[in-house]
Amino acid sequence: MGLHGHSLRQQLLLWLVIPLALLLVAGTLFSYWVALRSATITYDRALLDPALALAEHVDSEGGNTVLDLPKVAQDVLRIDSYDRIYFSVSRLNGELLAGQPEMPPPPPVVPVGHRTFYDGTVNAERVRIAALYVPQPNGPVVIQVAETMVKRNRLTREILIGETIPDLMVATMAMVLVWFGILRSLAPLERLRSEIAQRSARDLRPLDGSYAPTEVRPLVATLNDLLGDLRDALDAQQRFTANAAHQLRTPLAGLQTQVELALRQQASEPMLRSLHQLRSATVRAAHLANQLLALSRAEPGGHRPDALRALDLRSVAQDAASIWVPRALVKELDLGFELEAAPIVGDARLLRDLLDNLIENAIRYTPAGGSITVRTAIEADNAVLSVVDDGPGIPADQREQVFQRFYRVPGAIGDGSGLGLAIVQEITNVHAARVTIDDGPARRGTLIRVYFAKVPPGSGRVAARSPGPVSPVPQ
């Protein structure tokens, strides 16, 4: 399997740890070979001594070759604290002269006077055998001395453990150091990743590459160039929208004034109908221009990050009351305010646009005689701004789509532009808030809540005037 699906940390670990593990295995095998060779050479030399001692006691008398060694001395040769010792003296044709008959046959004949070592089995036990070829007048004889493998295996094991444990300790420490080295080396990349992950799609500020490794700085520079191009494109779009809206406001205001003056003059009934239609269209166009300006302010780049200040949602709602209460009375609506302190960090101008759009939508779609309530409160760890009405409501399957620009619920009454809730969504994004739409009380109307992160007590001064009690507006 390739490394394309792995993280950089995984790839570094694989390329460093696997070769290190292979080196450890190779070192262990080499240590085992060295230990086995050392034990074999050492004990082979020791095993040859009894064979040489037996060779000194082999004599030829009267045409017979015999082992001139007392039984007691033969028994002494077989004494060992760990292993069992076997020996035999035989002719090359296999005739046993002395010792144990179960000794395995020697290897092929080698020059007389030479010695050889080989492995074999005696009484179902593995043994190491030293064979010595001794010349005699009656023909050469072979002396074999064998011993079991207890001491050899023990020495091999001790040497192997003595070599392997330090290697394992070094390898373990090396792996730990490699792990921490990789973590430390990748910390700047993790910081860069975290910085990017914490940003919203609207935050196009350049990345700080001062802490990035030299190899990563070209990538950071390329990302910053891309962010700069995106920022310039958004700025150009916002400037166009704002300029177009500004350019429209003045002639529309003038047109509306002229229409109002014309309506005061004597005119025929058809002309008056045309003038009323023209005034309605002019009002809608002026409202659309104002909505476009509000949307431009809420979009990325349309506001300054340092405009966020500690404030109280209650003061924002109080400021809106003086404007929207008279408009609600004109339509015979009960607009009430139930306000509690709700400190947050935000942009007062954008929050006013948010609340204006929520109240305007409620007034626009709530029929005469209905009621609208604006609330601010603290719920758990959130400061909540809510607007509830008893109008026609928004169908559940349309509540996600109404935040799209220029989208209107099919069959909706009124002459809205379809930008109000889109502006609300943009402003909540600026404040890292979230907005929800639910049914109103008794499953009638619409309840819109905006959840902000509240300001912890003592974290800063709340920039709001001391609010007084706000009572519901009388009918």
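All of the numbers you see were taken from the coordinates with simple rules; none came from a lab. Computed from a predicted model, the values in this text were never measured in an experiment. Positions of Cβ are backbone-derived with ideal geometry, glycine not excepted, and every protein chain shown enters the neighbour counts.
Think of it as helices only: each DSSP H run of n ≥ 4 in the chain is worth -39500 (n - 2.57), and spread over all residues that comes to -17000 deg cm²/dmol at 222 nm. Computed with the Debye formula from one identical point scatterer per Cα of the stretch 199-302, without solvent, the log10 of I(q)/I(0) at q = 0.10, 0.11, 0.23 Å⁻¹ comes to -0.50, -0.55, -1.10. A compact globular protein would have a Cα radius of gyration near 2.2 N^0.38 Å; the ratio found for the stretch 8-156 is 1.46. Spin-label pair ARG434-LEU255: with each label point 7 Å from Cα along the Cα-Cβ axis, the two points sit 4.3 nm from one another. In the stretch 306-453, the C-alpha radius of gyration followed by the widest Cα-Cα span (Dmax) gives 14.4, 43 angstrom. Summarising the label geometry, the points placed 7 Å from Cα in the beta-carbon direction at GLU102 and GLU158 lie 2.8 nm from one another. Charged side chains reduced to their Cβ positions (Lys and Arg at +1, Asp and Glu at -1) give the chain a dipole of some 1900 debye around its Cα centre. Straight-line cross-link partners of LYS331 among the aspartates and glutamates, defined as a Cα under 17 Å from its Cα and at least 8 positions apart when in the same chain: ASP356, GLU360, ASP389, ASP390, ASP415. Among LEU24, ASN93, VAL216, which residue has its Cα positioned farthest towards the positive end of the charge dipole of the chain, with +1 placed on the Cβ of Lys and Arg, -1 on the Cβ of Asp and Glu, and the dipole taken about the Cα centre? Result: VAL216, furthest along the dipole toward the positive end. Largest first and in whole Å, the equivalent-ellipsoid semi-axes of the chain read 105, 23, 20, each the square root of five times a Cα gyration tensor eigenvalue. The percentage of C-alpha pairs in the stretch 332-415 whose separation is greater than 20 Å is 43%.
The stretch between PHE180 and GLU56, if pulled fully straight at 0.36 nm per residue, gains 38.0 nm over its current Cα-Cα span.
Placing unit charges on each Cβ (+1 for Lys and Arg, -1 for Asp and Glu) gives the stretch 164-223 a dipole about its Cα centre, and among VAL176, THR164, GLN198 the Cα reaching farthest toward its positive end belongs to GLN198. A Cβ-based charge dipole, computed about the Cα centre of the stretch 199-302 with Lys and Arg at +1 and Asp and Glu at -1, lands at about 500 debye. Farthest towards the positive end of the charge dipole of the chain, among the residues LEU421, LEU275, LEU311, is the Cα of LEU275, using unit charges on the Cβ of Lys, Arg, Asp and Glu.
Label-to-label distance, ARG199 versus ASN224, with points set 7 angstrom from Cα along the beta-carbon direction: 1.1 nm. Our Cα-only numbers for the stretch 325-376 put the radius of gyration and Dmax at 12.2, 36 Å.
Taking a quarter of the surface of the Cα convex hull of the stretch 151-255 gives a mean projected area of 10.6 nm².
Note on LYS151: lysines with a C-alpha under 30 Å away, same-chain residues under 8 apart excluded, are LYS71.
DSSP beta bridges confined to the stretch 306-453 are antiparallel in about 80 percent of cases.
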